[in-house]
Amino acid sequence: SLRSLSSSAAELVIVDTPPTLGAFTFGALTAAHWVAIPTFCEHPSIRTLPSALRTVAEAQTMNEGLRVLAVIANRLDRGTKHGMSALQTLQQAFPADLARTVIPRAVAITDSMRPGCVLDPASTVMHAVTLLAEELLERMQAGVATLPSSAAVVVGNEVVDCNAVGASRESGGRGD
């Protein structure tokens, strides 16, 4: 049982669940203190964030201590307008809750997902992964607020609809 981990000597246990809501994912949420929500830097992935936030809110009815640690921008392709537009959407929708560290699209990460493979410590992406880990530890030590669970997120006085894809944001060059 995941609850039994609360009495273990481990300082930190990370449970990586599938991106779909199932018994394992919901069980992990009801036993956890923090949840990190990674999302690809692609608009279709970003449109699923309101659903993820509603799932966290639902889990909070059974686990009042559950908090969102960060939304994590993952697989950013800085060479595409779409990737940069998606990152801008995340920055506008989650100004305080988006991790500062962005994980770039990298073959080394894909290769490390095969059974028995680990992320090559010499890969260029390892620096970003290390920075993200340090940032998440800082956030855990400082404490964070829970994100709203609605499909629209209020940014200042403006409502940013996470379900909308703003074509107006896709202007300019390819980005770098």
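The values are calculated or read from the model by the stated rules, or taken from the named source; none is laboratory data. This one's a predicted model, so the numbers in the text were calculated from it and none came from an experiment. Virtual Cβ from ideal backbone geometry, glycine too; neighbours counted across all protein chains shown. Ligands, DNA and RNA are excluded from the accessible area calculation, which covers all protein heavy atoms including side chains. Shrake-Rupley method; radii C 1.70, N 1.55, O 1.52, S 1.80 Å.
Return the residue satisfying two criteria in turn: it lies in region 97-112 and is farther than 17 Å from T39 by Cβ and not polar (S, T, N, Q), and of such residues it is least open to solvent (accessible area, probe 1.4 Å).
Of everything passing the filter in region 97-112, A108 is least open to solvent (accessible area, probe 1.4 Å).
Checking T55 against (1) in a strand (DSSP E or B); (2) open to solvent by 20 Å² or more (accessible area, probe 1.4 Å), only one condition comes out false. Which one?
(1)
Filter region 90-125 down to the residues that are assigned to a helix (DSSP H, G or I) and at pLDDT 90 or above, then identify the one that is farthest from the chain's Cα centre (by Cα).
Of everything passing the filter in region 90-125, Q92 is farthest from the chain's Cα centre (by Cα).
Is there a residue being farther than 29 Å from H33 by Cβ, open to solvent by 40 Å² or more (accessible area, probe 1.4 Å) and not polar (S, T, N, Q) anywhere in region 126-133?
No, there is no match, as no residue in region 126-133 is farther than 29 Å from H33 by Cβ, open to solvent by 40 Å² or more (accessible area, probe 1.4 Å) and not polar (S, T, N, Q).
Would you please name the residue that is farthest from G27 (Cα to Cα), looking only at residues in region 71-97 that are in contact with a helix residue (DSSP H, G or I) (Cβ under 6 Å, 6 or more places away or on another chain) and in contact (Cβ under 8 Å) with a residue 40 or more places away in the chain? I'd like the intermediate steps shown before the answer.
Quick first cut of region 71-97, residues in contact with a helix residue (DSSP H, G or I) (Cβ under 6 Å, 6 or more places away or on another chain) only: 73, 76-77, 85-86, 88-89.
So of that shortlist, the ones also in contact (Cβ under 8 Å) with a residue 40 or more places away in the chain come out as 85-86, 88-89.
On the way: S85: 34, A86: 30, Q88: 32, T89: 30 Å.
Only one residue fits best here, namely S85.
Could you tell me which residue of region 1-43 is nearest to T89 (Cα to Cα), considering only residues that are at pLDDT below 85 and among the charged types (D, E, K, R)?
D16
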